[in-house]
Every structure is written in structure tokens, then in C-alpha cells.
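The structure under discussion appears below in the form of C-alpha cells.
None of the figures in this text is laboratory data; all of them are computed from the coordinates on show. Because the structure is predicted, anything quoted here is derived from the model rather than measured. Note: ideal-geometry Cβ built from the backbone for every residue, glycine included; neighbour counts use all protein chains shown.
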Amino acid sequence: MPINEKPSIGNILILGAGQLGMQVIKNMASRVSPDSVRVLVEPGFTTSPDKYKEEATEELGKLGVEILPFDLSEGTEASLAELFAEFHTVICCTGFAAGAGTQMKVTHAVLAAGVNRYFPWQFGVDYDIVGKGSGQPVWDEQYEVRKLLRSQEATEWVIVSTGMFTSFLFEPDFGVVDLETNTVRALGSWDTRVTVTTPEDIGRLTTEIYLEEPHISNEVVFVAGDTLSYGQLATIVEEEAGKVVKRVELSLEELNDQLSQDPGDVMLRYRKAFALGTGMWWEKSKTYNHEKGLETIDVKTWLNRHLRDKR
């Protein structure tokens, strides 16, 4: 590409084809020309025997989305910038699995490449409120990404705040809802609240936000599938499962004690961070999807579908 020639609008690179990335890709490919959408995946993704990767590769082929192999964890900022320079918009759907420092490296590369528009991996909590020192080092990095983006004016950015993935509430390792033992644990207290959104809704809403006219620029956009307390969560689990659940409250003090004994436990760090409450939730009535009248999947609906699929 000749120097100073900008990529055409609609030339989009999506980083990652995981749980969230595939939802963004499918929605983007259905709303813009699939020829304009490319996806970056780790080398070996398309030849992996892993069932998910096999199915994702097949689906990407059907969608007509070009696949670009690149190792985000090993690639340099300069090599990333060279790749990004071909694109008008970069949407990062590769989260913390790529390793510490990856989000800052990607963001520096986006800025060095002169990308017009950037959606960073900020599909989570309100890092402006959380700040630094939450107990999650990767969240500290997310806060620094925001500072970096706000320190410049050449690249427009859009942050989509989604809260926790809805399914994460029910991950056995996270330890909030254990459907096998009918146990619900409150992080902090039963009144502590959390916002959650499904990847399906995030993919759809991110596409809507991308296509919004006049386009959204340099703004944090809040979306939500549901906002509820852990007490309300326990009641929903009882109603949908048809069983009385055992309720266990994990106070912040107790979680801090557990973490002091095992500071390397990633899930413990997540439990402690979410137990803080502040920055982990926002009113659904004040979200982009509510303002636009876009329906989203709440926890009760998600759990009903999950339990029905298991029957």
C-alpha cells in the first residue's frame, strides 16, 4: 500500500476466533461484505485436531472470511504494526490467554500502524472505576490500555463494556454456581451485584456499535444481558432447577485470607476482584442495548436453555 494511503472503511481485522471472536465474525460477516473481514488466529489453528478449531475453521470457510495465521504472544510490536497497517479497523477478541503484556503490545502496535479505528479487548468490567490494585494483574493492564488510548488522538477507539460472560457464573472452577451440588456462593455478600452478557449478544451488539451512524468514537459503551445480585442469582437457580440450593457467602475478608495462602490461584483472584462489587455492574436500563431496544439474554433465560439442553 502506498504511504499515506488509508485502508478503505470496512476493511476489518478481528483478532481471535474463540468463543467471542466467532460471534463477532459471524455478525460482521452478515452485515458487511465477508471479503472485508479477516481473522487472525495462532499458527496451526486450521490444521489442529481440536474439535472446536476444526468446526471454527469450517465455519470461517463457509462465511468466506480469510484466515491470517500469526502468533500474538511471540510476535513483536513492529511485526504486528506492519500487519495492522493494512486495516481500517482492528477488533481485538483475544483475551488474557495470550499472556501478560499482550494487550499493551497489541495496542501499541495499533497506534504505531495508524489504524483508523480500534476496539480493544475490554469486554469486561468498568476498569475506569476498578482502577489498579484489584488483585487481578491483567485488570491493571486493562486500565493502562485505556490510559494509553486516551493519551493520543490519531486512532479512534471504542470500548465495549460487557461485564462477565454469563456462562462464567456457572463455571465449576469459578465456584459461584455449582449445579452438580446445587450450591450458590455469593462473592462479598448476597447484595453484591454483577453485570453479565453472553458472547452471542456481545458479538451482535459490537457489530451494531461498529455500524452506528454517526459513528461512535473515543467512548466507553456499556451493554448488558443482565445485572443482578448473588441473592437474586441463587433464587433464579432454585426456580429453574426446581431444587433448594445451598447458599454460601464468601466475604471479602475470607477471600483475602484464602488468597494470602494461595496467591497464585487465578480463580481466587477473580473471586476476590468480583467480591469488591464496585465497577462490576451497571444498570441495564442505562445500556446501549436498552436505549436501542435490542433484546438480550438474561440469566434466567440462559439457565433455562442450558438445563433444557442437558436433559
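So here's what we get for this one:
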quantity	calculated
Reciprocal of mean inverse Cα separation for region 204-311 (Kirkwood radius, Å)	16.9 Å
Share of pairwise Cα separations in region 67-113, more than 12 Å, in percent	60 percent
Pairwise FRET efficiency - Trp190 versus His290, Cβ, R0 = 25 Å, nearest 0.05	0.50
Fraction of alpha-carbon pairs over 28 Å apart in region 1-141 - percent	18 percent
Global form of the chain, assessed from the alpha-carbon gyration tensor, a/c cut-off 1.5	prolate
Whole-number D in µm²/s for region 270-310 (Stokes-Einstein; Kirkwood sum over Cα pairs; 10 °C, 1.306 mPa s)	126 µm²/s
Cubic angstrom per residue, convex hull over Cα atoms of region 130-249	123 Å³
Extension gain from Glu249 to Glu54, taking 0.36 nm per residue of separation minus the Cα-Cα distance	66.1 nm
Expected-Rg normalisation [2.2 N^0.38 Å, Cα atoms] applied to region 91-179	1.18
Largest-first principal axis extents of the Cα set of region 122-167 (Å)	36, 23, 15
Under 5 Å, built H, 5+ apart or other chain: amide partners of Thr198	Thr166, Gly225, Ile297
